[in-house]
Amino acid sequence: MTPLMDIVFIMLIFFIVTATFTREKGIDVKTPEETPPDEQTVPPPALLLSLQKDGFVRVNNVRIIDPGSTKPVVEEFMAREPKGVVLVSASPDSKAGVAVTVMDQAYAGNASAVSLTLQSE
């Protein structure tokens, strides 16, 4: 019984010693640098296309167009604002097909970024 206990203690010491030398590889965490409070970030210009429940599209809450004629509006906006984004805001009662058509037309009009949101009631 004593030799068995000796072996167990030697193995225990061996495992403790080897466990202290293992180095686990990890990821270095780099925190973002703090931006000065006086530095303001300006959001990119945006074209708002609101889908109404009747199937038409309201452009910047000013004029109403057909979903199929969204491409020229987006082309004109992107010519004025090359870094602009297109925001598509769908009414809860609007049809999903109209939203897909408007987004396809926006991408066809050279929009680099198109976001779809759901309007709150």
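The values are calculated or read from the model by the stated rules, or taken from the named source; none is laboratory data. Quantities reported herein were computed from a predicted structural model and do not represent experimental measurements. Ideal geometry is used to build each Cβ from the backbone, glycine not excepted, and the neighbour counts take in all protein chains shown.
Against the numbered list (1) farther than 16 Å from PRO43 by Cβ; (2) in contact with a Ser or Thr (Cβ under 6 Å, 6 or more places away or on another chain), LEU87 comes up short only at (1). Checked against (1) in a loop (DSSP other than H, G, I, E, B); (2) at pLDDT 90 or above, THR41 passes all but condition (2).
ILE13 meets each of the listed conditions (1) closer than 16 Å to THR117 by Cα; (2) modelled with pLDDT under 90; (3) not polar (S, T, N, Q) apart from (1). The numbered conditions (1) surrounded by 11 or more Cβ atoms within 10 Å (Cβ to Cβ); (2) acidic (Asp, Glu); (3) without any contact (Cβ under 8 Å) to a residue 24 or more places away in the chain are all true for GLU34 except (1). Scanning the stretch 100-120 for residues that are part of a helix (DSSP H, G or I) and of a type in the set (Ser, Thr, Tyr), which turns out farthest from ALA90 (Cα to Cα)? The extreme case among them is TYR107.
Name the residue, out of VAL74, VAL88, that is on the phi < 0 side of the Ramachandran plot, part of a strand (DSSP E or B), β-branched (Val, Ile, Thr) and modelled with pLDDT of 90 or more. Explain how you work it out, then say what you get.
Details: VAL74 fails: part of a strand (DSSP E or B).
One residue alone meets the criteria, VAL88.
Contact annotation: residue pairs with Cβ atoms under 7 Å, 6 or more positions apart or on different chains, pairing a residue in the stretch 44-64 that is in contact (Cβ under 8 Å) with a residue 24 or more places away in the chain and closer than 19 Å to MET78 by Cβ with a partner that is of a type in the set (Lys, Arg) and surrounded by fewer than 12 Cβ atoms within 10 Å (Cβ to Cβ), are PRO44/LYS83.
Kindly provide the set of residues from the stretch 89-107 that are surrounded by fewer than 13 Cβ atoms within 10 Å (Cβ to Cβ) and touching a residue at least 24 places away in the same chain (Cβ under 8 Å), ordered by number. Within the stretch 89-107, PRO92, ASP93 meet the criteria.
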